[in-house]
Amino acid sequence: MTTPSPRLTVIGTGYLGATHAICMAILGFDVLGVDVDPVKIERLRSGEVPFFEPGLPELLAKALDSGRLRFTTSSEEAAEFGDVHFICVGTPQQKDSHAADLTYVDSAVESLARHLRGRALVVGKSTVPVGTAARLTELVQRVAPAGTDVELAWNPEFLREGYAVEDTLRPDRLVFGTDSEWAEQQLRAAFAPVIAQGTPVVVTDLPTAELVKVAANSFLATKISYINAMAEVCEATGADVTGLATALAYDDRIGGRFLKPGLGFGGGCLPKDIRAFSHRAEELGVGQAVAFLREVDGINQRRRARTVDLVRELTGGELTGVRVTALGAAFKPNSDDIRDAPALDVARTLHRSGAQVTVVDPAATENARRAFPELDYATDAMTAAAGADVVLLLTEWTQFREIDPHAMGEVVGRRRIVDGRHALDPAQWRAAGWEYRALGRP
Ligand code: UGA
């Protein structure tokens, strides 16, 4: 017997939740998006995506037009409406610790559970420390009027910012952590159109499903830090990390993805996930097993410091009064997200060292200005570079990659560039009279 199409709620309409709610409505489900922030809900209702994500505004318009997607601030309405409830709230790093802050997850789950009067499945999607699902199962069944008729499952999310729509509609794999056959069938029904495309499904237990997510992000972070560690060695030997990475990538067992050397990883996920994982492992008495993640973090931080050193080397050691243009603020291209952004970290360190820093970014300027009003901001690269002593490429947006070194050479004070992302052609820039420096290259 096939399970009828469940009605879905998506609790938390940030990056993950808004994308999930919109895409599920596009796939044909009736979806109710829920958030405690009335401003966010109003914006979504009026067809506005509150963050930058290519393709998502068009899909939101389509989903709203279909009548299958609505938004509310009421968890009571959500409990009455849904059969399957996805928890998509954030788990940021705690202020004074490396641990994940689970306040939002706990409160979202509890507010929903309080109104669950019939059989329902609560599905965690947020990235959490292993063991959270077991604790939440107990919480839900204790608080919900329906008691053990409410079950909990875990379905980690692997979407990348900038490719969120594609990753949600056509994921590499689905992971279902469940405690019962019924929960698995509910999840299979909730993802029926995705499964029908041939997407592999891994059905497992709750702790494994929780761990898959942090294990995946840790692996990706490790791969990036591995090549950046090689860049450090290259710097000491006169070798070239870009040639090294290209040669490694031809080995299928290694592969070239996430092997791009440069300024390293940032964002709202990789940095905090590896820290929270280390913290949780320590609590579980297996801290040593993931002790290497501290080194992964350390290598990543050193790339930021080294980028500042390259600027110093170009200016003869002095930074006071040096005019610097920072191309990029977002933690990666095609995003307006500045959480733990390597670009802004470098810009702020230079500013603190006395440099006069002008930042330009196609999407993240407003977020950056709000967070760091002490920096100067420009609306385009040429204006930002006017009179600059050093230009830094910090986020590899296409429009920065395509800058004509001759044209930019006309507006700067000195033709000196630090390519923090290996995104430019050194030969082309040098031919245009620029002194070109990049991490891990002679
Ligand atoms: C990451 C994961 O890739 C997703 O699978 C996961 O779902 C998501 O975190 C999450 O936990 O929610 P995201 O943070 O959007 O996605 O960004 P990535 O594309 O992974 O890039 C992370 C950082 O690594 C960026 O700062 C990027 O510039 C840097 N990076 C990436 C490198 O320095 N080198 C590379 O080769 C690749």
Accessible heavy-atom area order of T2, T315, highest first, probe of 1.4 Å = T2, T315
Highest first, please rank the peptides 425-438, 147-160 by the mean number of other Cβ atoms sitting within 10 Å of their residues.
-> 147-160, 425-438
In nm, give the distance between the simple-model label positions of T383 and F158, each being 7 Å from the Cα along the Cα-to-Cβ direction.
-> 4.2 nm
Run the 1.4 Å probe and let me know the accessible area of D361, rounded to the nearest 10 Å².
-> 10 Å²
First obtain the Kirkwood hydrodynamic radius of the range 273-323 from its Cα pairs, then insert it into the Stokes-Einstein equation at 10 °C and 1.306 mPa s, and state the resulting D in µm² per second as a whole number.
-> 121 µm²/s
Got a number for carbon plus sulfur as a percent of the chain's accessible area, 1.4 Å probe?
-> 52 percent
Using 0.36 nm per residue, how much length does the chain from I254 to E374 gain when fully extended, once their Cα-Cα distance is taken away?
-> 39.0 nm
What does the accessible area of F52 come to, in Å² to the nearest 10, when a probe of 1.4 Å is used?
-> 80 Å²
Subtracting the Cα-Cα distance of R45 and Q94 from 0.36 nm times their residue separation yields 14.5 nm
Long-range alpha-carbon pairs in the chain, meaning those over 39 Å apart, account in percent for 27 percent
Quickly rank 96-105, 334-343 as a protection proxy: mean count of other C-beta atoms within 10 Å, highest first.
-> 334-343, 96-105
Restricted to the chain, the DSSP antiparallel beta bridge percent, nearest 5, is 5 percent
Say each of D37 and T2 gets a label point 7 Å from the Cα, pointing the same way as Cα to Cβ; how far apart are those two points in nm?
-> 3.8 nm
Looking at the range 295-402, which GluC sites (Glu not before Pro) are DSSP coil and have at most 15 other C-beta atoms within 10 Å of their C-beta?
-> E318, E374, E402
Lys and Arg at +1, Asp and Glu at -1: neighbours of T103 with Cβ under 13 Å from its Cβ sum to -2
Please list the equivalent ellipsoid semi-axes of the range 352-428, computed as the square roots of five times the alpha-carbon gyration tensor eigenvalues, in descending order and whole angstrom.
-> 20, 15, 12
Largest-first principal axis extents of the Cα set of the range 268-356 (Å) | 50, 29, 17
L44, L59, ranked by accessible area, largest first (probe 1.4 Å) | L59, L44
Working from the alpha-carbon coordinates of the range 8-203, get Rg over Rh, Rh being the Kirkwood radius.
-> 0.94
What full-extension length gain, to one decimal in nm, is calculated for S180 and E402 as 0.36 nm per residue of separation minus the Cα-Cα distance?
-> 74.6 nm
Ignoring ligands, DNA and RNA, how do S180, S278 rank by accessible area with a 1.4 Å probe, largest first?
-> S180, S278
How big is the charge dipole of the chain about its Cα centre, in debye rounded to the nearest 20, if each Lys and Arg gets +1 on its Cβ and each Asp and Glu gets -1 on its Cβ?
-> 560 debye
Label-point separation in nm, E80 to R170, each point 7 Å along Cα→Cβ = 4.0 nm
Principal axes first, then extents: for the Cα atoms of the range 292-442, list largest minus smallest coordinate on each axis, whole Å, largest first.
-> 41, 34, 30
Interatomic Cα distance distribution for the range 62-127, bins of 10 angstrom, percent = 19, 42, 27, 11, 1
All-pairs alpha carbon distance profile, the range 167-245, 5 Å steps from 0, percent = 3, 13, 16, 15, 13, 9, 8, 8, 7, 5, 3, 1
Rounded accessible area per residue of the chain, 1.4 Å, Å² = 42 Å²
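The values are calculated or read from the model by the stated rules, or taken from the named source; none is laboratory data. As the structure is a prediction and not an experimental result, all values here were calculated from the model. Cβ sites come from the backbone with ideal geometry, for glycine too, and all protein chains shown count toward neighbours. Only protein heavy atoms, including side chains, enter the accessible area calculation; ligands, DNA and RNA are left aside. Shrake-Rupley method; radii C 1.70, N 1.55, O 1.52, S 1.80 Å.
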